[in-house]
Amino acid sequence: MKCAICRNGNTVAGTITVALDKEETTLVFKNVPAQICDNCGEEYLSSETNKKLLQLANDAVRRGVSLELLKYAA
């Protein structure tokens with residue numbers, strides 16, 4: 001797809017690192033699938049991936065996690 005930010009690049013499949021902070025919890029997810037602009041580097045997550053990350057964050061908050069590093073698994 002065409003990048004919505006720079007409008008010059010096209011996105012390609014890749015993986016990124018995502019850090020989420022919620023309340024007193026910080027989560028870092030490695031190897032998250034994303035579309036990445038080949039020109040400016042803007043990152044796009046699918047709605048499915050985004051929902052999963054938010055669900056995992058909510059679960060971590062309920063468990064009382066302070067800091068966690070996770071490898072994303074689809």
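The values are calculated or read from the model by the stated rules, or taken from the named source; none is laboratory data. All figures in this text were calculated on a predicted structure; none of them were measured in a lab. Don't worry about glycine lacking a Cβ; one is built from the backbone with ideal geometry, like all the others, and counts go over all protein chains shown.
Which condition number does LYS52 fail, the rest of (1) surrounded by 17 or more Cβ atoms within 10 Å (Cβ to Cβ); (2) more than 10 Å from the chain's Cα centre (by Cα); (3) in a helix (DSSP H, G or I) being met?
(2)
Against the condition buried (at least 16 other Cβ atoms within 10 Å of the Cβ), hydrophobic (A, V, I, L, M, F, W, C) and more than 15 Å from the chain's Cα centre (by Cα), how does ALA60 come out, does it pass?
When the stated conditions are applied, ALA60 passes them.
Please work out which residue is surrounded by the most Cβ atoms within 10 Å (Cβ to Cβ), limiting yourself to the range 5-38 and to residues that are in a loop (DSSP other than H, G, I, E, B) and in contact with a strand residue (DSSP E or B) (Cβ under 8 Å, 6 or more places away or on another chain).
Filtering first and then ranking leaves GLY9.
Could you identify the single residue in LYS22, LYS51 that is basic (Lys, Arg) and modelled with pLDDT under 95? Break it down into steps so the answer makes sense when it comes.
Working: LYS51 fails: modelled with pLDDT under 95.
That would be LYS22, the only listed residue that is basic (Lys, Arg) and modelled with pLDDT under 95.
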